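The values are calculated or read from the model by the stated rules, or taken from the named source; none is laboratory data. These numbers come from a predicted model, not from an experiment. Cβ placement follows ideal geometry from the backbone for every residue including glycine, while neighbour counts extend to all protein chains displayed. Surface accessibility is based on the protein's heavy atoms, side chains included, excluding ligands, DNA and RNA. Shrake-Rupley method; radii C 1.70, N 1.55, O 1.52, S 1.80 Å.
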Amino acid sequence: SYSSDATTSDMSRNVADRFNNNVSLGYEPDYYESAPEDESNSRNEDLATSALDELIAEAERMEGEGNRHMAEQEYAQAYNVFSAAIHLSLDGPSSHIYYTNRATSLLYLKRFVAAEQDARAAVRLRPDDGHAQATLGQALYFQKKYEEAEAAYKKAVTLDPNDEVGWVYLAKSKDKIDRKEVKRRV
């Protein structure tokens, strides 16, 4: 027991002395003892799965809230909510969607470099997602990186041939590249 006027260093010394005495007596604290392997691991896995499921569910709820903000043209609020969803589920089953949605909100906020970064994160998580590829194309297009935008849009329309906006911006990117080439020649 410590007196109320004991200093921090006195308390630290006391704790260290107690630990050293217990070790020298052959005593190991309970946290070194393990429960039966199968019982302990199973319970820990169940707890981890349950906690993960809760985080994923909350991230999905946040996505819905972010989509509502997008529909209301509240892009800064949408950005914040999608950021929270990403924080909750950095690499979960829908994380690529959260990054794509946040990139879209950034496009509306005219933060094209940040939108490109988020779109690239989405593509890294899910390279076969046409919407993520199209969002990357959009971010690149608005930065006047037309060759890269064209490549992203080609992937987007290959993955989703019904993406009308992707086809339109693919054509616009090609047109910008062609105009740039004509100006270079003149």
Given (1) closer than 30 Å to ALA51 by Cα; (2) open to solvent by 30 Å² or more (accessible area, probe 1.4 Å), where does ASN101 come up short, assuming only one miss?
(2)
Qualifying position, being at pLDDT below 85, hydrophobic (A, V, I, L, M, F, W, C) and outside any helix (DSSP H, G or I), among ALA16, ALA6:
ALA6
For region 137-159, enumerate the residues that are in contact with a Phe, Trp or Tyr (Cβ under 9 Å, 6 or more places away or on another chain) and aliphatic (A, V, I, L, M).
ALA139, LEU140, ALA149, ALA152, ALA156, VAL157
Apart from one, (1) under 18 Å from the mean Cα position of the chain (by Cα); (2) at pLDDT 90 or above; (3) not basic (Lys, Arg) all hold for LEU90; the odd one out is (2)
Residues of region 73-98 that turn out to be closer than 17 Å to GLN133 by Cα and open to solvent by less than 30 Å² (accessible area, probe 1.4 Å), as a count
4
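Look through region 162-182, keep the residues that are of a type outside the set (A, V, I, L, M) and open to solvent by less than 80 Å² (accessible area, probe 1.4 Å), and return whichever of them is modelled with the lowest pLDDT. Let's see the steps before the verdict.
Narrowing region 162-182 to residues of a type outside the set (A, V, I, L, M): 162-164, 166-167, 169, 172-176, 178-181.
Going one step further and asking which of them are open to solvent by less than 80 Å² (accessible area, probe 1.4 Å), we end up with 163, 166, 169, 173, 175-176, 181.
On the way: ASP163: 94, GLY166: 94, TYR169: 96, SER173: 96, ASP175: 95, LYS176: 95, GLU181: 89.
The qualifying residue modelled with the lowest pLDDT is GLU181.
Could you list, in sequence order, the residues of region 50-72 that are open to solvent by 60 Å² or more (accessible area, probe 1.4 Å) and within 18 Å of the chain's Cα centre (by Cα)? Don't jump to the end; show me each part of the working.
Within region 50-72, the first condition is being open to solvent by 60 Å² or more (accessible area, probe 1.4 Å), and the residues that meet it are 52-55, 58, 60-61, 67-68, 71-72.
Within region 50-72, LEU52, ASP53, GLU54, LEU55, GLU58, GLU60, ARG61, ASN67 qualify.
Looking only at region 168-186, how many residues end up being in contact (Cβ under 8 Å) with a residue 12 or more places away in the chain and not hydroxyl-bearing (Ser, Thr, Tyr)? Lay out the reasoning, then the answer.
Within region 168-186, the first condition is being in contact (Cβ under 8 Å) with a residue 12 or more places away in the chain, and the residues that meet it are 169-170, 172-174, 176-177, 180.
Still in the running and not hydroxyl-bearing (Ser, Thr, Tyr): 170, 172, 174, 176-177, 180.
Of the residues in that region, 6 qualify.
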